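Written below as structure tokens is the structure these notes are about.
The values are calculated or read from the model by the stated rules, or taken from the named source; none is laboratory data. What you are looking at is a predicted structure, and each value in this text was computed from that prediction instead of being measured. As a convention, Cβ positions derive from the backbone with ideal geometry for all residues, glycine included, and neighbour counts pool all protein chains shown. Keep in mind that these areas ignore ligands, DNA and RNA; they rest on the heavy atoms of the full protein, side chains included. Shrake-Rupley method; radii C 1.70, N 1.55, O 1.52, S 1.80 Å.
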Amino acid sequence: MAKQNHDFFKEKKPWSEVKDELLGCYLKPYLQKILHTKHPVVYVDCFAGKGVFEDGKPGSPLIALRTMKECLEQTKMENCDIQPYFIDVNYAEDLRRNLHEFTRVNIVSGRYEEQITGMLSSKNGCNVFLYVDPYGIKALDCSLFDAFASQRFNSIELLINMNSFGFIREGCRVLGVKFGEDEFMKDLVEYDSTQLTADEKSKNALNKIAGGNYWIDIIEKKRAGEITAYEAEAEFANAYCKRLRESYAYVLNMPLRIKPGQVPKYRMIHATNHPDGALIMVDNIFGRWELMQNIQNEGQQSLWDEGVENEIVNEAEIEAKVIDHISQFTSLTRMNPVIADFYCICGVICRTKTVKEIYKKLEKSGKLEVQRTPSTTATGRASTFFADEKKQMTKLRWRG
Ligand SMILES: C[S@@+](CC[C@H](N)C(=O)[O-])C[C@H]1O[C@@H](n2cnc3c(N)ncnc32)[C@H](O)[C@@H]1O
């Protein structure tokens with residue numbers, strides 16, 4: 001169901017709260033860590049909106065600016081440089097009004113796809129974070145994401161709101177496949193939904209968004225009745241993340257569903273080249289997951305432990321997946337990249353502490369070699385930490 005765009009800012013919807021919390025709760029540890037690189041931080045909200053919703057609730061620009069202010073007040077680092085940019089094609093004036101209390105804010109009136117390359121051309125050596133939250137899918141050009149990854153930034157991270165359900169629906173339309181599955185779509189109010197026609201131009205438009213034509217096979221499986229629209233959406237989301245991994249080392253995704261078992265309203269996709277960023281995001285996704293479940297169950301506790309895909313979480317299954325993954329590392333490898341890779345392959349199925357607890361068990365049983373630096377504590381006892389950072393480094397090797 002398509003909705004008028006200007007309605008979007010009337011009142012902040014629960015799924016927007018989750019989306020913005022995912023951003024705000026990640027930005028704080030991200031900034032705390034990245035400020036230590038001493039390189040400037042460039043934060044771009046590429047589809048910024050108005051800054052504030054009409055019910056007074058903060059939009060993503062206000063959430064980000066408040067988080068930046070807090071981090072700058074708390075950090076011990078000197079001469080920190082955070083440059084916030086907000087792009088919106090419709091609401092630059094609202095942004096100016098709603099963000100006036102903050103200084104050094106850059107507001108750009110225009111289209112992200114036309115502004116971003118020029119804006120970032122002078123930012124080599126910076127830590128760049130892009131929040132990409134459009135209404136639909138049409139501005140999500142994958143070749144731009146590839147280009148950012150190859151620019152000489154000190155680091156680059158993306159948090160993308162991908163309407164993968166909208167993509168599958170358009171893929172079906174373009175290839176003349178019946179979409180059906182109306183029951184999944186009842187509550188999926190969409191703003192500015194993309195409407196393509198069945199022609200070559202539209203096919204190319206979808207290739208551009210997906211970064212390839214792999215989506216066609218998925219739609220063909222739907223046509224053949226081999227998969228449902230629900231499965232097609234999940235397959236597409238996985239394939240899209242895999243595609244982004246050609247440019248970014250770690251890509252995670254969190255589905256936001258309004259009701260359990262429903263097609264996700266959005267998938268929030270996080271792409272980074274830094275394993276620590278991916279791991280902060282995993283625990284952040286779990287933190288937000290409780291809020292999401294409250295919304296889904298209308299305040300009632302779920303009877304089961306569920307993962308973010310609403311699957312029932314089975315400890316034995318998680319353990320089997322962790323073992324299957326770690327058993328491929330037969331030479332000593334830093335721990336955080338191993339864990340971050342696990343989540344990219346297996347999905348966000350548990351918190352990072354669960355994976356570490358399984359490693360601990362494997363170490364005890366002699367199946368996993370764990371090399372810690374420093375190997376002893378200040379009092380001369382053997383180190384037992386499972387951390388992988390500046391002062392405490394851990395490497396793992398599967399012995400089997
Ligand atoms: C989903 S809303 C963003 C909401 C915002 N993240 C928040 O939390 O308040 C999408 C915004 O993108 C803007 N927009 C649409 N097309 C755009 C484009 N091509 N470039 C930049 N902004 C665009 C719309 O005006 C709208 O404000």
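The table for this structure:
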read-out: Flag if Val42 is touching a helix residue (DSSP H, G or I) at 6+ places or on another chain (Cβ under 6 Å) and not in a loop (DSSP other than H, G, I, E, B); value: no
read-out: Number of positions in the range 174-199 that are part of a helix (DSSP H, G or I) and modelled with pLDDT of 90 or more; value: 1
read-out: Answer residue from the range 101-125, given it is hydrophobic (A, V, I, L, M, F, W, C) and open to solvent by 10 Å² or more (accessible area, probe 1.4 Å) and is nearest to the ligand (Cβ to nearest atom) among those; value: Val108
read-out: Options Glu363, Glu369: the member that is in a strand (DSSP E or B) and acidic (Asp, Glu); value: Glu369
read-out: Selection count, the range 370-392, where residues are under 13 Å from Val338 (Cβ atoms) and open to solvent by 40 Å² or more (accessible area, probe 1.4 Å); value: 1
read-out: Residue match in the range 131-138 (condition: in contact (Cβ under 8 Å) with a residue 40 or more places away in the chain and more than 12 Å from the ligand (Cβ to nearest atom)); value: no
read-out: The one condition in (1) modelled with pLDDT of 90 or more; (2) among the charged types (D, E, K, R); (3) at positive phi that Glu357 fails to fulfil; value: (3)
read-out: The lone exception for Thr354 - which of (1) among the hydroxyl-bearing types (Ser, Thr, Tyr); (2) more than 27 Å from the chain's Cα centre (by Cα); (3) closer than 14 Å to Val322 by Cβ it fails; value: (2)
read-out: Residue in the range 46-89 that is farthest from Leu23 (Cα to Cα), counting only those that are among the basic types (Lys, Arg) and away from the ligand (no atom under 12 Å from the Cβ); value: Lys76
read-out: Some residue of the range 66-78 being within 23 Å of Asp276 (Cα to Cα), touching a residue at least 60 places away in the same chain (Cβ under 8 Å), among the polar types (S, T, N, Q) and open to solvent by 40 Å² or more (accessible area, probe 1.4 Å); value: no
read-out: Residue that is at pLDDT 85 or above, within 16 Å of the ligand (Cβ to nearest atom) and either more than 21 Å from the chain's Cα centre (by Cα) or crowded, with 22+ Cβ neighbours inside 10 Å (or both), where the choices are Ser143, Ser202, Ser164; value: Ser164
read-out: Residue under evaluation Asp341, criteria (1) acidic (Asp, Glu); (2) assigned to a loop (DSSP other than H, G, I, E, B); (3) crowded, with 18+ Cβ neighbours inside 10 Å, criterion not met; value: (2)
read-out: Within the range 39-56, tally of residues that are of a type in the set (D, E, K, R) and modelled with pLDDT of 95 or more; value: 2
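One line per residue, one yes/no per condition, for (1) open to solvent by less than 20 Å² (accessible area, probe 1.4 Å); (2) at pLDDT 95 or above:
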residue: Thr272; (1), (2): yes, yes
residue: Trp289; (1), (2): yes, no
residue: His325; (1), (2): yes, yes
residue: Gly347; (1), (2): no, no
